[in-house]
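Trainee: Quick one: this structure, given as structure tokens, is what I'll be asking you about.
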Amino acid sequence: MTNAEAYDRGFAHLSSHTVGPLLATARENGAPRLLDVGCGTGVVTAAALALGAEVTAVDADPVMLELTARRHPYATIRPAVLPDLPFEDEVFDAIAGNFVINHVPETDRALKELRRVLRPGGTLALTWWKADEMTATSVFAEAITAARIPYEPPPRPFSGNDTPRRFVALLEEAGFARAAVDTMRWRHHVDLAAWWTDVVQAGGPRFGMIGRQPPEIRERIRAHYDRLAAPYAREGFPVCAYLAHAVR
Ligand SMILES: C[S@@+](CC[C@H](N)C(=O)[O-])C[C@H]1O[C@@H](n2cnc3c(N)ncnc32)[C@H](O)[C@@H]1O
């Protein structure tokens, strides 16, 4: 199984929860030409195609793009690394980015670039996680710490911009109108053993290090994960995301 396939089974299942509200907001004007930015394995692309949109999907990761291209031959797939986009001005009616803006350096420049490729009146919708309410992932960081393994997670470049107030200000500075941020909370219901396997195998920047540990250390982390995750087996992990939307 590739990292992208593990991502698809685990994280994409978690992030698919916001696809409905994201697309409802992004496609408020019913307009057809949609950019799925940071498409990953294509959860937004799939839903947008089903709604009849003409979808262009971009991502920085060629393995993700390859999987999305294979699954969704009716979408246009392009490599792109925000804050830059390989498109002419004003070519999209709507842009949807599900959990990508939190990975992008230079949020302000990325928002200006997203605005550039939107036509006047076009809509933007972006989601990101509320990091301090993400039990579904913080349980891994807690397990690593409880196992007394040195852990230096990568810095979060987005953390200075991740509050609704700050993000609305950034959208307005980039030239967007009607900027607002909604909050979504839900429970992530998942088999705890499958969640462990999928998160570790996805090999992401925060928890990929678990898979690189020697087996005895991995088992130590796993034992703490089992203990810390057990209270959520029935009710699911509490998670929280923001949905920002604005109009050009
Ligand atoms: C958390 S995943 C979300 C994927 C998908 N939107 C979903 O909802 O499942 C973040 C995606 O953003 C991509 N990404 C990260 N940084 C990026 C950047 N600077 N420009 C474009 N894509 C980026 C990653 O490769 C990954 O596929």
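Trainee: For residue 228 and residue 90, what is the calculated FRET efficiency with R₀ set at 41 Å and r taken between the beta-carbons, to the nearest 0.05?
Mentor: 0.25
Trainee: Expressed as a whole percentage, what fraction of the accessible surface of the chain belongs to carbon and sulfur atoms when a 1.4 Å probe is rolled over the protein heavy atoms? Write out the running numbers ahead of the final one.
Mentor: On the way: 5950 of 11500 Å².
Exposed carbon and sulfur together represent 52 percent of the surface.
Trainee: Turning to a different aspect of this structure: What's the percent breakdown of Cα-Cα distances in segment 50-95 across 5 Å bins, shortest bin first?
Mentor: Result returned by the calculation: 5, 20, 28, 25, 17, 5.
Trainee: Hey, another quick one. Could you give the distance between the Cα centres of segment 192-237 and segment 99-170, to the whole Å?
Mentor: Answer, in whole Å: 22.
Trainee: List the GluC sites (Glu not before Pro) within segment 38-103 that fall in a DSSP loop (any state other than H, G, I, E or B) and whose Cβ has at most 13 other Cβ atoms within 10 Å. Intermediate values should be presented prior to the final figure.
Mentor: Working: sites: 54, 66, 88, 90; in loops: 88, 90.
Filter output for segment 38-103: 88.
Trainee: Ranked highest first by average number of other Cβ atoms within 10 Å, how do 77-85, 98-106 line up?
Mentor: On the way: 77-85: 17.1, 98-106: 20.3.
The packing order, highest mean first, is 98-106, 77-85.
Trainee: Here's another thing I want to ask about it. Given a 1.4 Å probe, how much area per residue of the chain is accessible, in Å²?
Mentor: Values: 11500 Å² over 248 residues.
Result: 46 Å² per residue.
Trainee: Taking Rh as the Kirkwood radius, which is the inverse of the mean 1/r over Cα pairs, what is the Rg/Rh value for segment 131-248? Numbers along the way, then the final one.
Mentor: Working: Rg = 17.3 Å, Rh = 16.2 Å.
When Rh is taken as the Kirkwood radius, the ratio is 1.07.
Trainee: Can you pull the Kirkwood radius for the chain, inverse mean 1/r over Cα pairs, to one decimal in Å? Kindly include the intermediate steps, with their values, before the conclusion.
Mentor: Numbers: mean 1/r = 0.0536 Å⁻¹.
Roughly 18.6 Å, rounded to one decimal.
The values are calculated or read from the model by the stated rules, or taken from the named source; none is laboratory data. Worth saying up front: this structure is predicted, and the values here are computed from it rather than measured. Note that we place each Cβ from the backbone using ideal geometry, even for glycine, and neighbour counts take in every protein chain shown. All accessible areas refer to the heavy atoms of the entire protein, side chains included, with ligands and DNA or RNA removed. Shrake-Rupley method; radii C 1.70, N 1.55, O 1.52, S 1.80 Å.
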